[in-house]
1. Provide, as a two-decimal number, the C-alpha radius of gyration of the protein assembly as shown over 2.2 N^0.38 Å, N being how many residues it has.
2. Give the angle, between 0 and 90 degrees and rounded to the nearest 10, that separates the Cα long axis of helix A:65-77 from the longest principal axis of the Cα atoms of chain A.
3. What residue among A:154, A:71, A:119 has the largest mean-square fluctuation in a Gaussian network model of chain A, using Cα springs under 10 Å?
4. How many square angstrom of accessible surface are buried between B and C, both sides summed, with a 1.4 Å probe and rounding to 100?
5. So which residues of the stretch A:137-167 lose at least 30 Å² of accessible area, probe 1.4 Å, when you go from the chain by itself to every protein chain present?
6. Take every DSSP beta bridge with both residues inside the protein assembly as shown and express the antiparallel ones as a percent of the total, to the nearest 5.
7. What ratio of Cα Rg to 2.2 N^0.38 Å holds for chain A?
8. Taking every pair of alpha-carbon atoms in the stretch A:21-62, what share in percent sits in each 10 Å bin, from 0 to the bin with the longest distance?
Amino acid sequence: MPHDHHDHSHEGMSPSGHPYRADQDGPLSYWQNMEIAVRELLIEKGVVTPEQVAAQIEAMDARTPANGAAVVARAWTDPAFRARLLEDGSAASREMGFDVGPMKLIAVENTEDVHNVIVCTLCSCYPRNLLGLPPDWYKSRAYRSRTVREPRKVLSEFGLDLPDDVTVRVHDSTADMRYIVVPARPEGTEGMDEATLATLVTRDSMIGTGVARLPNS
Amino acid sequence: MTDGRRWHDMGGDAAGPVPGDEHDFALWEKRVDALMILASGAGHFTVDGLRRALEDMGEKAFEEMTYYERWIASINQNLIEAGIYSIEELGAKMEEVSARGDTYGEAADAS
Amino acid sequence: MQADADFAPGARVRVRALMPPGHIRTPAYLRGHVGEVERVLGPFGNPEKLAYMLPADKQRLYRVRFRLADLWPDADAPTDTIDAEIYAHWLEPA
């Protein structure tokens with residue numbers, strides 16, 4: 001799972017046969033044992049194949065915040081696409097070629113007056129088809145508990161201090177929908193092409209705990 | 001909780017600062033995630049069933065087990081309930097896995 | 001898809017103040033509180049049935065917007081809001 005500022009390739013993480021040594025060499029834990037046992041039973045029972053498991057992990061590794069960033073950059077540069085994204089996030093993402101599966105996506109847009117932030121208080125629902133797997137803090141008790149009560153304090157811990165005249169809209173992913181924030185396009189980016197703009201779109205800016213990077217920062 | 005609110009339903013609770021640390025997922029964790037998607041996709045349980053068993057495991061499990069440790073426990077619970085394999089089959093398989101070696105690599109690669 | 005919805009966008013709704021055990025996707029912190037329907041979604045299978053592999057009825061899903069200040073006496077700022085998805089059977093007119 002790449003972190004912000006490190007959207008590099010998955011060195012050491014390819015499912016092709018040589019990766020993952022570090023975690024393979026530790027003592028076998030009870031739960032790792034259960035994973036192996038459950039997987040082998042599912043294979044023996046014909047529920048899954050080893051190839052399906054490998055393909056699923058490959059697809060998982062291919063889903064990174066770069067996907068979401070491409071969607072945001074398109075929305076910044078193409079007003080018609082932006083309108084379609086805000087109308088139906090899943091359809092607009094599919095239009096860009098991203099396999100969002102059955103995910104039902106709502107895109108919410110930051111403006112001068114509104115800042116959006118995403119949380120899941122009941123578990124850890126996350127737009128994984130566009131952003132990859134969620135970071136640990138997103139699943140933490142602190143983030144899940146406090147974001148719906150004191151969002152400004154939580155955002156401040158992420159280094160984001162919002163002025164009083166900006167309304168904070170918290171979105172609690174309680175049911176079937178998933179959310180992505182379309183951060184505000186930074187000033188000084190006029191004339192930049194879509195690919196360059198996408199490099200400014202951080203994972204956290206699409207969760208709402210950050211904003212897009214300024215050019216040359 | 002005497003008011004009936006369950007432990008996982010934590011929106012609005014007081015809590016400390018949001019932790020900043022992150023970790024990359026290990027192969028076994030990714031496999032757990034893949035098994036969830038594939039087995040639920042095959043219709044043997046639902047994402048709500050996954051959550052239901054996670055919730056029923058209680059707060060102690062949330063505090064003491066890692067995310068994917070809880071997931072494999074819940075996936076197993078749902079698969080047992082769905083009759084995909086028996087508890088006896090699982091017990092025998094886990095014994096077999098243990099006997100293969102002391103590390104995840106040794107135990108997983110012997111299949 | 002919204003023709004059979006009980007509540008239109010803008011409708012004032014109250015989340016039912018029940019606290020039964022079991023798998024429920026209506027957060028406790030919203031129960032008993034009043035908000036405004038932001039948009040109408042679904043219908044989707046009722047998670048309270050799906051969680052137990054029971055035949056699931058389809059429920060309309062509403063995105064309801066609450067004012068933080070209505071939920072918490074110590075709210076950060078009066079205009080801040082929380083949007084959450086609430087299934088129809090958890091809502092009543094307010």
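The values are calculated or read from the model by the stated rules, or taken from the named source; none is laboratory data. Remember, predicted model here, so these are calculated numbers, not experimental data. Positions of Cβ are backbone-derived with ideal geometry, glycine not excepted, and every protein chain shown enters the neighbour counts. Just so you know, the surface numbers come from the protein's heavy atoms only, side chains and all, with ligands and any DNA or RNA stripped out. Shrake-Rupley method; radii C 1.70, N 1.55, O 1.52, S 1.80 Å.
1. The reported ratio for this selection is 1.00.
2. Approximately 30 degrees, to the nearest 10.
3. A:154
4. Values: alone 8200 and 5790 Å², together 12810 Å².
Summing both sides, the interface buries roughly 1200 Å².
5. Residues losing area: A:137, A:139, A:141, A:142, A:144, A:145, A:146, A:148, A:149, A:152, A:157, A:167.
6. 55 percent
7. Numbers: Rg = 19.0 Å, N = 217, 2.2 N^0.38 = 17.0 Å.
In units of the 2.2 N^0.38 Å rule of thumb, it is 1.12.
8. Bin by bin from 0 Å, the calculated values are 25, 44, 31, 0.
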